[in-house]
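Participant: Sharing a structure here in structure tokens format.
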Amino acid sequence: MKELDDLKNIALSLIENVKNMDELSQIKIKLLGKKSELTSLMKSLKDIPAQERPQFGEKINSLQKMIEDKLNDTKEKIYDAEQNLKFKSEAIDITLPGISNDIGNLHPLSIVLNDIEKIFTSMGYEVVPAHDIETTYYNFDALNISQTHPARDEQDTFYINSEQVLVTATSPMQIRVMEKNKPPIKIISPGRVYRTDEIDATHLPMFHQIEGLVVNKNITMSDLKGTLNVFAHELIGENIQTRFRPHYFPFTEPSAEMDVTCFVCSGSGCKTCKHTGFIELLGCGMVHPKVLKNAGIDPDEYSGFAFGMGLERIAMQRFGIEDIRLFYENDLRFINQF
């Protein structure tokens, strides 16, 4: 019994002086391991007189449980202390300013496209995205472009095969919409177009257009001019002037080009507008009766107008950009200006 009391005092002293987890593990082995003094005492139970054995066994079990409890309590204290030290060493001063991240900006073409779509949807137009690939029927034939038209030449058009091309304009969507919908029709159709142009400051083999189409009864040229005047004033400003010049497109008759007051000189005349005071903004006209007929709409009952504009050209004029290639170089110094 005296050995048990001595062992208890030794165990308490050892446990109280533990400084880290490694020491605790060593002491646990020393006090409770197979070669420990406590284990030896448990083995000696068989040598104790039978009448004293229960009391001695209970005392050993009590001591073992006390040691285990003390070891567990000490383990928790050491763990908490080590965690606190770790937290202090890894502390972050949340009052320090953080590292700012670039959140990016809308591309100038996206800005202009969003503005144009907002203007036309406010007038009741539906946005119908154009296709990148079209058949020669929709790209040429249905739009009244003859077999001998220069636009059909391989020097102007990217042919996939004899019956498919990369779209040369967003106009084919006119036919597809008219085939599937009965008038009244009011749509704009933005999309990419492809032409075999040499790359320079004002030309690319891929750029963007926005097509517009209105078909209903009693649509006239005055409806076209009124709509485009509202559009130009909303997009550019109330103080600009517009003018319409006669032009030719196979799919409209009569056809016109719309000019607006020069963005650079405000109409006084400069190098950009060739000293005319005006810059071309878009092409337009009344939908050709043959085009209506090709789409299954009776030209004697319905009429319509169409227009098409280049997105890059408008963005260049709006932001004073002189080189179209800047839109596609993905230079953040350029993009972040917008």
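Participant: Does Ile133 satisfy being aliphatic (A, V, I, L, M), touching a helix residue (DSSP H, G or I) at 6+ places or on another chain (Cβ under 6 Å) and at pLDDT 95 or above?
Facilitator: No.
Participant: What do you reckon, is Thr227 modelled with pLDDT of 95 or more and either of a type in the set (Ser, Thr, Tyr) or over 27 Å from Glu117 (Cβ atoms) (or both)?
Facilitator: When the stated conditions are applied, Thr227 passes them.
Participant: Here's a follow-up. Which condition number does Thr39 fail, the rest of (1) at pLDDT 80 or above; (2) among the β-branched types (Val, Ile, Thr); (3) closer than 16 Å to Ile10 by Cα being met?
Facilitator: Going through the list (1) at pLDDT 80 or above; (2) among the β-branched types (Val, Ile, Thr); (3) closer than 16 Å to Ile10 by Cα, Thr39 breaks only (1).
Participant: Further question: Assuming Leu106 fulfils every condition listed in (1) over 19 Å from Phe338 (Cα atoms); (2) modelled with pLDDT under 95 apart from one, which condition is it?
Facilitator: All conditions are met except number (1).
Participant: I would also like to ask the following. Look through region 187-199, keep the residues that are surrounded by fewer than 19 Cβ atoms within 10 Å (Cβ to Cβ) and touching a residue at least 24 places away in the same chain (Cβ under 8 Å), and return whichever of them is farthest from the chain's Cα centre (by Cα).
Facilitator: If we take residues in region 187-199 being surrounded by fewer than 19 Cβ atoms within 10 Å (Cβ to Cβ) and touching a residue at least 24 places away in the same chain (Cβ under 8 Å), then Thr196 is farthest from the chain's Cα centre (by Cα).
Participant: Also, quick follow-up: Looking for whichever is under 19 Å from Ser171 (Cα atoms) and over 32 Å from the mean Cα position of the chain (by Cα) here; the options are Thr252, Thr272, Thr242. Which one fits?
Facilitator: Thr252
Participant: Those residues that are assigned to a loop (DSSP other than H, G, I, E, B), surrounded by fewer than 15 Cβ atoms within 10 Å (Cβ to Cβ) and of a type in the set (Ser, Thr, Tyr), I need them from region 143-169; list them, please.
Facilitator: Answer for region 143-169, where residues must be assigned to a loop (DSSP other than H, G, I, E, B), surrounded by fewer than 15 Cβ atoms within 10 Å (Cβ to Cβ) and of a type in the set (Ser, Thr, Tyr): Ser146, Thr148, Ser162.
Participant: Which residue, of Lys225, Lys217, Lys274, Lys182, is surrounded by fewer than 19 Cβ atoms within 10 Å (Cβ to Cβ) and on the phi > 0 side of the Ramachandran plot?
Facilitator: Testing whether each residue is surrounded by fewer than 19 Cβ atoms within 10 Å (Cβ to Cβ) and on the phi > 0 side of the Ramachandran plot leaves just Lys274.
Participant: Pick from Leu71, Leu31: which is assigned to a helix (DSSP H, G or I), under 30 Å from Leu85 (Cβ atoms) and either of a type in the set (Asp, Glu) or modelled with pLDDT of 80 or more (or both)?
Facilitator: None of the other options fit; the residue is Leu71.
Participant: Report yes if Tyr79 is of a type in the set (Ser, Thr, Tyr) and over 30 Å from Lys290 (Cβ atoms), otherwise no.
Facilitator: Yes: the conditions hold for Tyr79.
Participant: Working only within region 117-142, note down all residues that are farther than 20 Å from Val287 by Cα and part of a helix (DSSP H, G or I).
Facilitator: Answer for region 117-142, where residues must be farther than 20 Å from Val287 by Cα and part of a helix (DSSP H, G or I): Glu117, Lys118, Ile119, Thr121.
Participant: Any chance region 93-108 includes a residue that's assigned to a helix (DSSP H, G or I) and touching a strand residue (DSSP E or B) at 6+ places or on another chain (Cβ under 7 Å)?
Facilitator: Checked against the condition, which is being assigned to a helix (DSSP H, G or I) and touching a strand residue (DSSP E or B) at 6+ places or on another chain (Cβ under 7 Å), region 93-108 yields no hits at all.
Participant: Next question. Which residue pairs have Cβ atoms under 9 Å apart, sit 6 or more places apart or on different chains, and have a first residue in region 266-295 that is within 24 Å of Lys217 (Cα to Cα) and at pLDDT below 85 and a second that is of a type outside the set (A, V, I, L, M, F, W, C) and surrounded by 21 or more Cβ atoms within 10 Å (Cβ to Cβ)?
Facilitator: Final answer for the pair search is none.
Participant: I would also like to ask the following. If you check Leu41 against the conditions, is it free of Cβ contacts under 8 Å to residues at least 40 places away in the same chain, hydrophobic (A, V, I, L, M, F, W, C) and in a helix (DSSP H, G or I)?
Facilitator: Yes, satisfied.
Participant: Any idea which residue in region 296-338 is modelled with the lowest pLDDT, counting only those that are of a type in the set (S, T, N, Q) and on the phi < 0 side of the Ramachandran plot?
Facilitator: Within region 296-338, the match that is modelled with the lowest pLDDT is Gln317.
Participant: Do we find that Ile15 is assigned by TED's automatic domain parsing to the domain that holds Leu85, of a type in the set (Val, Ile, Thr), in contact with a Lys or Arg (Cβ under 8 Å, 6 or more places away or on another chain) and surrounded by 13 or more Cβ atoms within 10 Å (Cβ to Cβ) in this structure?
Facilitator: Yes, satisfied.
The values are calculated or read from the model by the stated rules, or taken from the named source; none is laboratory data. Please read these numbers as outputs of a predicted model, since none were measured by experiment. When we count neighbours, we look across all protein chains shown, and the Cβ atoms used for this are built from the backbone with ideal geometry, even at glycine.
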